[in-house]
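Here the structure comes first, spelled out in structure tokens, and everything after it is commentary.
The values are calculated or read from the model by the stated rules, or taken from the named source; none is laboratory data. For clarity, every value in this text was computed on a predicted model and none was experimentally measured. So basically every Cβ, Gly included, is an ideal-geometry build from the backbone, and we count neighbours across all protein chains shown. Accessible surface areas use protein heavy atoms only, side chains included; no ligands, DNA or RNA. Shrake-Rupley method; radii C 1.70, N 1.55, O 1.52, S 1.80 Å.
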Amino acid sequence: MTGIPQALIERVEIVKGPASTLYGSEAVGGIINIITKKPGNSPKLTTDSFASSWGEINTDIGLRYKISEKTDALLGVNYFNFQQRIDNNNDNFTDLTLQNRISIFNKINIERKSKKAFSIASRYVYEDRWGGELDWEREFRGTNQIYGESIYTNRWETFGTYELPTSENISFQFSANGHYQDSFYGTDAYTASQFIAFGQLVYNKQLSEKNNLLLGLAYRYTFYDDNTFATLDENGNINEPSKIHLPGIFLQDEIKLNEQNNLLFGARWDYNSVHGNIFSPRINYKWNSKEQTDIVRLSLGNGFRVANIFTEDHAALTGAREVVFEGELKPETSWNANLNYVKKINTENSFITLDASAFYTYFDNRILPDYETDPNKIIYANLDGFSVSKGISLNADVLFTNGLSINAGATLMDVSFTENNIKTRQLLTESFSGVWSISYKFSNNFSIDYTGNLYGPMRLPLLGEKDVRPEFSPWYSIQNIQLSKKFGNNWEVYGGIKNLLNFTPPANSINGANNPFDIGIDTEKNPELAFDPSYVYASNQGIRGFVGLRYTLF
Amino acid sequence: MKKICLILLLSPLFNLAQQTNKLAVYTFEEVEKLYQQHPKPLLVFVYTDWCKICFGMKNTTFKNEQIIKILNANFYVIFLNAETKNEIAFFGKSFKNSTAGIHDLTNILASKNKQIGYPTTVIVNKDLSIELQFQGFLKSTKLKSVLESFLIKNNK
């Protein structure tokens, strides 16, 4: 999500529940869809820059331009820089990773005689980030002199849509991306490259007034290679990159039973060249009251996801623990059910939307990191049992017509895994989380925003029996406040404070910070002395101020 | 015989009830036909499915009895879904959804200072030119005064 200037985002859609048919079997619990603006509805130029009291600088530029009479384009550039070695908790480690990042986004819209869609977007990101001991310099990269984790990332991606010039509604969607990581975690090198190419043909047919059919053919190619044991051949000798071909076919039918009842069912069949057949059915049911003020949605489906440990779990790369894969890791498979109720209450003074959801996901396989069996290792293995993620979530959105808006939500969840009939709560996962946002627009173009998060206790990974740190994190809250003022049609100034309560995890969260290379320590006898940052459960960035300026030309 | 008489007696009552309780909303094509017989100014409400304020305004301002009375008597009301893919014909001109994804009518009606926002309430006068445009939520009291001053000004 980084790198697309906010000014180019039209809206963000959140689809709750399994959405496998159109989006693939990895859409287990839902999807977040970022929709960029259409060139016709975008400002000519937008700039947004802000700086924080920690020395972070961020600039976003958005531009609308014409390539030819029939081709409109949107360009977005994002630049972020943070180079201060701040250590407020005095553990000799940088509190926030130092970053230098540039991201360029471009979207082209080509107008055709038939008025059918053709758009191509592309994005390039380059990032140089590092965190570690305060006196780390680039010359120490990969050495055991001073500890530092340094990551260079190069990423490009392109995606687009083309509506075929047929009388029937057929569209072709494509995307490709390349991701290259060159990194060091202390003395451990991790270099990885991933290339993905994807194409999908979707045929949309309105069979009757009440029946809409979607038929599709998809193909995805994934190439992944790294320097770890995850990409070695069967004998563990030669490097063998992972190459997966994934052709698929899907069908989805949406039936409007009547003005109030809507039924959608779909099925997708993919063939994974390494893991075999994947069948993902899905069913969605929606009921709405006559006036559309009450809506109930029920969705059921399954998910299938191939876990990629080193790209997904930073903890596998950092720290002193040895990473072990036990057996051949199989894909994660799950079944998900989601029930959602929305109620809209409208009065002349306020518009209220209440949203209640209940979710239940049953995993018959999950690849979870085991920090506890052996404090010197992180063990990844197929689950010998099952894992359940379930919960309820409530959200209230109140828009007062006098300019005040309040949005508050809370989620209560229970995420656990059960092996040998023993149920264990998942690590680093809170049972309760709350979020809120209160905004008020004054009549003189002045507005105030107060936002925050509240987290309940999480179970934390300890290093053996002699680890003195608490097993559970405390209740904590991160709160922010912002004031902004508009000047005329084009300028806006804003400023505020982030992390008002100045909450950070305890100073000893990075274990063994004074001896990151474990010199003179027998980590098997005394695991509680080993270097290990896995306990860090929240950001180390304390209270800071920021100020920014926005300019928009229509 | 008795049953039919009752129904005949009650039907004018039903007609009255419809006129005072429900807002008459037309399509562009219907308005073109009605306009030939009886020209009236138009009120076009431009909305989208995902816009909460649009939904709220439809259920409050446009359900207000006084607003309904003024609109039903003096205007032709059209609710335009800004994202409609339908081609709309109006007075010899054809308006389509262009490739930029925005409908021609949305560009014409919902654009103020080159920005398109939802909802936009547009008052089109009898000459079929845009007289007034309001972006954002319009409370019934505000819309009432806008409609009344427009009618006073145009009935001179």
Restricting attention to the range A:466-489, does a residue exist that is surrounded by fewer than 17 Cβ atoms within 10 Å (Cβ to Cβ) and on the phi > 0 side of the Ramachandran plot?
yes
Just checking, does the range A:403-419 include any residue being in a loop (DSSP other than H, G, I, E, B), surrounded by fewer than 17 Cβ atoms within 10 Å (Cβ to Cβ) and of a type in the set (D, E)?
no
Go over the candidates A:L213, A:L246, A:L207 one by one and state the one that is over 22 Å from A:A121 (Cβ atoms) and either free of Cβ contacts under 8 Å to residues at least 12 places away in the same chain or assigned to a loop (DSSP other than H, G, I, E, B) (or both).
A:L207
Here the qualifying pairs (Cβ atoms under 6 Å; residues six or more apart or on different chains; first in the range A:59-83 and open to solvent by 70 Å² or more (accessible area, probe 1.4 Å); second outside any strand (DSSP E or B)) come out as A:R64/A:P39; A:R64/A:S42; A:R64/A:K44; A:K70/A:E111
Looking across the range A:369-392 at residues that are open to solvent by 30 Å² or more (accessible area, probe 1.4 Å) and assigned to a strand (DSSP E or B), the single one that is nearest to the other protein chains (Cβ to nearest Cβ) is A:I392
Considering residues of the range A:144-165 that are part of a loop (DSSP other than H, G, I, E, B) and open to solvent by 30 Å² or more (accessible area, probe 1.4 Å) only, the residue nearest to A:T318 (Cα to Cα)
A:N144
Quick check, is A:F359 buried (at least 18 other Cβ atoms within 10 Å of the Cβ), more than 20 Å from B:N59 (Cβ to Cβ) and at pLDDT 90 or above?
yes
Of all residues being of a type in the set (S, T, Y) and under 22 Å from B:S111 (Cβ atoms) in the range B:18-72, which is farthest from the other protein chains (Cβ to nearest Cβ)? Just the residue, please.
B:T27
Which listed residue, of A:A218, A:A192, A:A197, is closer than 25 Å to A:K37 by Cα and within 25 Å of the chain's Cα centre (by Cα):
A:A197
Give me a count of the residues in the range A:231-268 that are touching a Ser or Thr at 6+ places or on another chain (Cβ under 9 Å), within 23 Å of A:L329 (Cβ to Cβ), among the hydrophobic types (A, V, I, L, M, F, W, C) and open to solvent by 40 Å² or more (accessible area, probe 1.4 Å).
0
Answer with yes or no whether B:Q115 is of a type outside the set (A, V, I, L, M) and at pLDDT below 90.
yes
Among the residues of the range A:304-317, is there at least one that is out of contact with any Lys or Arg (no Cβ under 8 Å at 6 or more places or on another chain), open to solvent by less than 50 Å² (accessible area, probe 1.4 Å) and among the hydroxyl-bearing types (S, T, Y)?
no
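Matching residues to (1) within 19 Å of the chain's Cα centre (by Cα); (2) away from every other protein chain (no Cβ under 11 Å):
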{"residue": "B:A82", "(1), (2)": "yes, no"}
{"residue": "B:I88", "(1), (2)": "yes, yes"}
{"residue": "B:F95", "(1), (2)": "yes, yes"}
{"residue": "B:D104", "(1), (2)": "yes, no"}
{"residue": "B:S111", "(1), (2)": "yes, no"}
{"residue": "B:Q115", "(1), (2)": "no, no"}
{"residue": "B:T121", "(1), (2)": "yes, yes"}
{"residue": "B:V124", "(1), (2)": "yes, yes"}
So in the range A:75-126, with the set limited to residues that are in contact with a Lys or Arg (Cβ under 8 Å, 6 or more places away or on another chain) and part of a loop (DSSP other than H, G, I, E, B), which one is farthest from the other protein chains (Cβ to nearest Cβ)?
A:T94
